[in-house]
Protein chains: 2
Amino acid sequence: MRIKFIIVGLLLTMAIHANASEDKYWRILSPDEQTELEVKLEPDSLYYRLSSKGKRLLRWSKLGLALKDAPPLQANLHLTSTDISITDQSWQPVWGEHASVANHYQQLILGLQETTSPERLINYTFRVFNDGLGFRYGLPANDGQPKQLTVAEELTEFAFDRNFSAWWIPAYRDQRYEYQYLNSALSSVDVAHTPFTLEDKQAGIAVAIHEAALVDYASMTLRNQSDNQITFNADLVPWANGDKAYIRLPFNSPWRTITVAEKAVDLLNSSLVLNLNEPPAENVDISYIKPGKYMGIWWEMHIGEKDWSPGPKQGATTERAMQYIDFASQHDIDGVLVEGWNSGWEGNWWERTPTFSFTEATQGFDIEKVSQYAKDKGLRLIGHHETAAGISYYEQQMAEGFSLYQKLGVQSVKMGYVGTRLDGKEWHHGQFMVRHFAKVVKTAAANQIMINAHETIKDTGLRRTYPNLMTRESVRGMEYNGGSPDTGNLPNHTVIIPFTRGLAGPIDFTPGIFNFNYQKYRPHNRVPTTLAKQLALYVTLYSPLQMAADLPENYADHPAFAFIDAVPTDWQKSVALQGNIGEFLVTARQDKHSDRWYVGATTNEEPRVISLPLNFLEPDMTYRAIRYQDGSGAHWENNPGDYDIVEQQVRAGQSLTLDLKAGGGQAIEFIPLQ
Amino acid sequence: MRIKFIIVGLLLTMAIHANASEDKYWRILSPDEQTELEVKLEPDSLYYRLSSKGKRLLRWSKLGLALKDAPPLQANLHLTSTDISITDQSWQPVWGEHASVANHYQQLILGLQETTSPERLINYTFRVFNDGLGFRYGLPANDGQPKQLTVAEELTEFAFDRNFSAWWIPAYRDQRYEYQYLNSALSSVDVAHTPFTLEDKQAGIAVAIHEAALVDYASMTLRNQSDNQITFNADLVPWANGDKAYIRLPFNSPWRTITVAEKAVDLLNSSLVLNLNEPPAENVDISYIKPGKYMGIWWEMHIGEKDWSPGPKQGATTERAMQYIDFASQHDIDGVLVEGWNSGWEGNWWERTPTFSFTEATQGFDIEKVSQYAKDKGLRLIGHHETAAGISYYEQQMAEGFSLYQKLGVQSVKMGYVGTRLDGKEWHHGQFMVRHFAKVVKTAAANQIMINAHETIKDTGLRRTYPNLMTRESVRGMEYNGGSPDTGNLPNHTVIIPFTRGLAGPIDFTPGIFNFNYQKYRPHNRVPTTLAKQLALYVTLYSPLQMAADLPENYADHPAFAFIDAVPTDWQKSVALQGNIGEFLVTARQDKHSDRWYVGATTNEEPRVISLPLNFLEPDMTYRAIRYQDGSGAHWENNPGDYDIVEQQVRAGQSLTLDLKAGGGQAIEFIPLQ
């Protein structure tokens, strides 16, 4: 096990007060004393409020849980215990944006009990970090009380202190989590998914509300408590029957997280959500877990040249898969995905009860041959389980499906949940999906398989606990530019999602389109970036499994593919350097296995000149910088393919001037010269 | 009657074709040939599509009406008549942004009939303007067919050709039309009110979808036909029973309008919506209709210093009203509003069945005395009818209420419809409200009273037909900054609404706050502008009745009040000169009754330096420019009151440099020197 814990802090456990009812107010500061949590106990509720650097973020906000067939757990509480401690650890993820993560916080645990019958117990844990707050509910297993409860409503409030500018996607809509982001006053939000990103640039406040460790509960969305106002409630995505979540005592809720920074770009440098997830089990097998890059038979379906189903345009053929493998084996690509490899894709598969087999290949595709061919060439076939949201149907075959893959040497599987409801009735963000997806991740682990899931539950940092849970789409990804459906993303989309969706975790956005001339079947669509920006996305959008999404013939002999070959997917360090939501982003990352650095710079539809100080490089070292930059005539709309590769020697402390064209970007590799 | 029509164009009526079924395609150009409408008849529907300056705006989009208890009127139509004509008029509004309005379009009227039983007739009228398109449905009174129909759904499609950046407010929410605007990709919109503003800055396209002449039908909202896509349907706001609209043949629907410009700021210069409304009746009495300015007992309630109801904080007292009248009479203010003047305001009036009297004054307020005092001082009391959305209750007293006002010499009435549903069940934007409000406007006219309505149906240009329908709020106005409710507007709000809500018509936003230090009862609120921007709003936000919203003691001896005194409310010409949605706006208007010009320049939270060429001024004339500008240290958040008044002489062709501070603005009066 590579996870190490170093407790260097002070651990204080305060004695239980004899007259606990006198304790009604607590003030807890972060280690740097800049984040201030206040908690008070009133007859109607426990309240919390939050400030950062002297600026109020949340006014007094209520906490509590409403239970089905029982009174709410909120009012008439008295204190039974107080526990204040400081933790200062660092831990080493199996893979990630950082080789080591600092976890430093002050914690307050309040034990409370109802003063009236049935005198139930509840506890509240608050962790105050330099960059925000996490808190959760705990319900001990009270003697003589029911062990199984149904949560009817979570009563957590977020009473924001000001009307921020909000970046959000709506909850309770049919396309799950796959929307371009809305920007509005906080007061105009009705109900939003998390991460929910807020900023007041003039005041120097950026905030992201999200959750951590959603293990067996419903997703939290944020609902405006009173239309057109700025106090929000945690709103749990219900089961089809209206129940919010089924819990079993003892129970800990997911953490509600409030990440805080002075500038939105600094939200990207927080590890608060990951820190609030549990480490993996002591003996977990990580031998098969390897970040890397993949290609696959996929984009050609989205641009209409091929179909998922058998027939004259069948994409998944043995021959085509071998072409991908041939190309991939000559490059730093670890796997090849073949969508449509299995039987059951005929017709409008997304509209009917699924007919997929997860063990039987479609005609024209020899999975044994292809997987062996891949192994012979030093890479792996990547599995694909598209469920079409038919969970019950899928679960009957799931174990067998993963078992087949393990037998074939497949080490990662792409999951799909296309559909508006699961099993025809459940939201993708309710407890039903949370439970199903936990089964998937565990079954995959038992078969030594990594998971890359599309249309699944949102990310809450569980990759820390389950290191085979690599990445997920859960975003309006590249496929929308392909044209199925026929409405592409705007150029600003990729400079919004790192500040919103990206705060949840890795994104399998599938960048790397080099051929912009694919309008034969998709006359209305285009990729809204330049080629250089496609490369930059490998750095600005983090994923441990990154796709090179275009077709091998579009990459063949293309000089720019050298960047895709070179760019790592596992990092020593990562830092978001500059950016504004919806405008631009510059991110630098250092390879986990070398001293090389990589920079991605991206802009929206506006051209932009950025001065980039090279402060992140190692002092006293000279680097060869290979810059993949927009050509002088580059423009996403009419000249996306214009790019130049320029080399120069640089040292830390110097600055580069990045000339990003409209919808453009720049990707840079820094190789130490020794 | 001051409305004149000048038909100078060519009128062509084409003969009905012998074999009409061969006519299946029409192409109609605007007079300048830059707007191109195409119409085609297919077995399933009549379709239209639209281009401007060679750029496609709408792909082929269906047209039709679904009726209750009858088949839809859409498919299986054959041509019975074609009428193509050109109209080139100009007309003179009673009041408005322009003394004369050009109305120049090419029109196509298609008469169609079902080929199958019941062989109903329908006609489609398209008017193609240089700046867009209007079209409507007509249902003739067929012999032997029912004359009363229920519209179940309008089948109008808007199949946009690209994924624009959209500025919108959501429909079907409780606060009616009073939201801060959302900005998102068109594909992220679910259902939106109109005006619905779209732009693709790089392509040079701005579009606003709205409607004209909503006389007796339901409001049109726009609903995404397929979640996350870019084809929208006209979605009519239903009655509580689900019916959309009750119509009587012969019937013409409201016009569906598509205003087009290269830049969003040019949308503000369109008169397309007004042009599609009918002129007033020939003999309409306009003797009492006078644009002007007003003050009133109102803001002191919003900032918590006074109450609407009797008691220690009663706002509406005889003495307080006389203070307002004293101040107003020394300035160019025409009326004084007294909210809470009548009985029935006790307690939470907005939560109960109304108890208002519309004829009986509250204790402490002598309406006879106040209205006489106002007349003696040369101005008028302004009436107030707050219905609290209790329409049936109100209509019983309405006529008597207006009649009392006429007797007292009141010449304008502010209407209020605070509440989430009318009569506890109807939307504010359904046909129920349309019908009620028509009664209000007509009853007011019969009593020689102008209407200023808050929380009413959206504006569709009916002021042309009913010139006593002066202005309306229907926006998240100044009151939200007051603090009831407790969530103010963001600084960018006032540079969004001219491009969105403002395209519908006049806005009673109630600018003019000079005292920013009103946090005694509203610690979380502030007006998010500088003082100079407050003045600029009198020019950038058009209303024929403009409030000077602050208290007389805050205006007393204030040098900046000279601008409010001077600024007209009726204009010879208006031109939006420069602007970007959500960023800034500069508008110039010429007084209708002098050669003076007025400029308002406003910015969002960002400071901005604007070069303003004075091309709009009369050549060869010298003007004294009185500039009310942000002081060097002005900032909306911490120094809003810092302003300077600077005078200089200028001539047409010169440029001024406007130095707008954060959340700031500038207001300029240009007085010809002769």
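The values are calculated or read from the model by the stated rules, or taken from the named source; none is laboratory data. Just so it is clear, the model here is predicted, and its values are computed rather than measured. Virtual Cβ from ideal backbone geometry, glycine too; neighbours counted across all protein chains shown. Ligands, DNA and RNA are excluded from the accessible area calculation, which covers all protein heavy atoms including side chains. Shrake-Rupley method; radii C 1.70, N 1.55, O 1.52, S 1.80 Å.
Here are the numbers for the structure shown:
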{"read-out": "Residues satisfying the stated conditions in region A:154-173, i.e. charged (D, E, K, R) and over 20 Å from the mean Cα position of the chain (by Cα)", "value": "A:Glu154, A:Glu157, A:Asp161, A:Arg162"}
{"read-out": "Matching residues in region B:507-524 - criterion: being farther than 18 Å from B:Ile169 by Cβ and buried (at least 24 other Cβ atoms within 10 Å of the Cβ)", "value": "B:Thr510, B:Pro511, B:Gly512, B:Ile513"}
{"read-out": "Inter-residue pairs, beta-carbon under 6 Å, first more than 12 Å from chain A (Cβ to nearest Cβ) and of a type in the set (Lys, Arg) and in region B:465-493, second surrounded by fewer than 23 Cβ atoms within 10 Å (Cβ to Cβ) and not in a loop (DSSP other than H, G, I, E, B), 6+ apart", "value": "none"}
{"read-out": "Any chance A:Ser188 is surrounded by 23 or more Cβ atoms within 10 Å (Cβ to Cβ), within 14 Å of another protein chain (Cβ to nearest Cβ) and over 23 Å from A:Thr456 (Cα atoms)", "value": "yes"}
{"read-out": "Residue ID - farthest from A:Val495 (Cα to Cα), chosen from residues in region A:191-209 that are more than 7 Å from chain B (Cβ to nearest Cβ) and outside any strand (DSSP E or B)", "value": "A:Ala203"}
{"read-out": "Single condition B:Arg624 does not satisfy, out of (1) of a type outside the set (S, T, N, Q); (2) at pLDDT 95 or above; (3) assigned to a loop (DSSP other than H, G, I, E, B)", "value": "(3)"}
{"read-out": "Cross-chain or 6+ apart pairs with Cβ under 8 Å, region A:364-379 first and open to solvent by 10 Å² or more (accessible area, probe 1.4 Å), then in a helix (DSSP H, G or I) and modelled with pLDDT under 95", "value": "none"}
{"read-out": "Enumeration of residues in region B:322-332 that are within 28 Å of the chain's Cα centre (by Cα) and open to solvent by 10 Å² or more (accessible area, probe 1.4 Å)", "value": "B:His331, B:Asp332"}
{"read-out": "Any hit, region A:415-425, residues being open to solvent by 10 Å² or more (accessible area, probe 1.4 Å) and either within 28 Å of A:Pro280 (Cβ to Cβ) or modelled with pLDDT under 95 (or both)", "value": "no"}
{"read-out": "Yes/no for B:Glu178 being farther than 30 Å from B:Asn76 by Cβ, not aliphatic (A, V, I, L, M) and not in a strand (DSSP E or B)", "value": "yes"}
{"read-out": "When residues of region B:136-179 are limited to those that are polar (S, T, N, Q) and within 26 Å of A:Asp486 (Cα to Cα), the one surrounded by the fewest Cβ atoms within 10 Å (Cβ to Cβ)", "value": "B:Ser165"}
{"read-out": "Which listed residue, of B:Ala166, B:Ala171, is among the small types (Gly, Ala, Ser), more than 9 Å from chain A (Cβ to nearest Cβ), more than 30 Å from B:Asn123 (Cβ to Cβ) and touching a Leu at 6+ places or on another chain (Cβ under 9 Å)", "value": "B:Ala166"}
{"read-out": "Subset of region A:473-488 [open to solvent by less than 10 Å² (accessible area, probe 1.4 Å) and either under 19 Å from the mean Cα position of the chain (by Cα) or of a type in the set (A, V, I, L, M, F, W, C) (or both)]", "value": "A:Glu473, A:Ser474, A:Val475, A:Arg476, A:Gly477, A:Met478, A:Tyr480"}
{"read-out": "Cβ-Cβ under 9 Å pairs, at least 6 apart or on other chains, region B:434-459 side on the phi > 0 side of the Ramachandran plot, far side among the aromatic types (Phe, Trp, Tyr)", "value": "B:Gln448/B:Tyr288; B:Glu455/B:Tyr177; B:Glu455/B:Tyr417"}
{"read-out": "Residue check, B:Pro511 closer than 27 Å to B:Ile325 by Cα, more than 14 Å from chain A (Cβ to nearest Cβ) and free of Cβ contacts under 8 Å to residues at least 40 places away in the same chain", "value": "yes"}
{"read-out": "Subset tally (residues that are polar (S, T, N, Q), more than 10 Å from chain B (Cβ to nearest Cβ) and outside any strand (DSSP E or B)) for region A:145-163", "value": "2"}
{"read-out": "Every residue from region A:560-575 that is open to solvent by 10 Å² or more (accessible area, probe 1.4 Å) and in a strand (DSSP E or B)", "value": "A:Gln572, A:Lys573, A:Ser574, A:Val575"}
{"read-out": "Condition check for A:Glu618: without any contact (Cβ under 8 Å) to a residue 60 or more places away in the chain, within 14 Å of chain B (Cβ to nearest Cβ), surrounded by fewer than 18 Cβ atoms within 10 Å (Cβ to Cβ) and part of a loop (DSSP other than H, G, I, E, B)", "value": "no"}
{"read-out": "Verdict on A:Gly600 being in a strand (DSSP E or B) and under 21 Å from the mean Cα position of the chain (by Cα)", "value": "yes"}
{"read-out": "Residue check, B:Gly315 farther than 30 Å from B:Trp167 by Cα, small (Gly, Ala, Ser) and either in contact with a Ser or Thr (Cβ under 8 Å, 6 or more places away or on another chain) or at pLDDT 95 or above (or both)", "value": "yes"}
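One line per residue, one yes/no per condition, for (1) under 30 Å from B:Ile289 (Cα atoms); (2) in contact with a strand residue (DSSP E or B) (Cβ under 8 Å, 6 or more places away or on another chain); (3) free of Cβ contacts under 8 Å to residues at least 12 places away in the same chain; (4) surrounded by 16 or more Cβ atoms within 10 Å (Cβ to Cβ):
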site	(1), (2), (3), (4)
B:Leu29	no, yes, no, no
B:Thr35	no, yes, no, yes
B:Arg59	no, yes, no, yes
B:Leu65	no, yes, no, yes
B:Ser81	no, yes, no, yes
B:Asn103	yes, yes, no, yes
B:Gln107	no, yes, no, yes
B:Leu112	no, yes, no, yes
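Results for (1) under 26 Å from the mean Cα position of the chain (by Cα); (2) open to solvent by 20 Å² or more (accessible area, probe 1.4 Å); (3) β-branched (Val, Ile, Thr), shown as yes or no for each residue.
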residue: B:Leu46; (1), (2), (3): no, no, no
residue: B:Lys55; (1), (2), (3): no, yes, no
residue: B:Pro71; (1), (2), (3): no, yes, no
residue: B:Gln92; (1), (2), (3): yes, yes, no
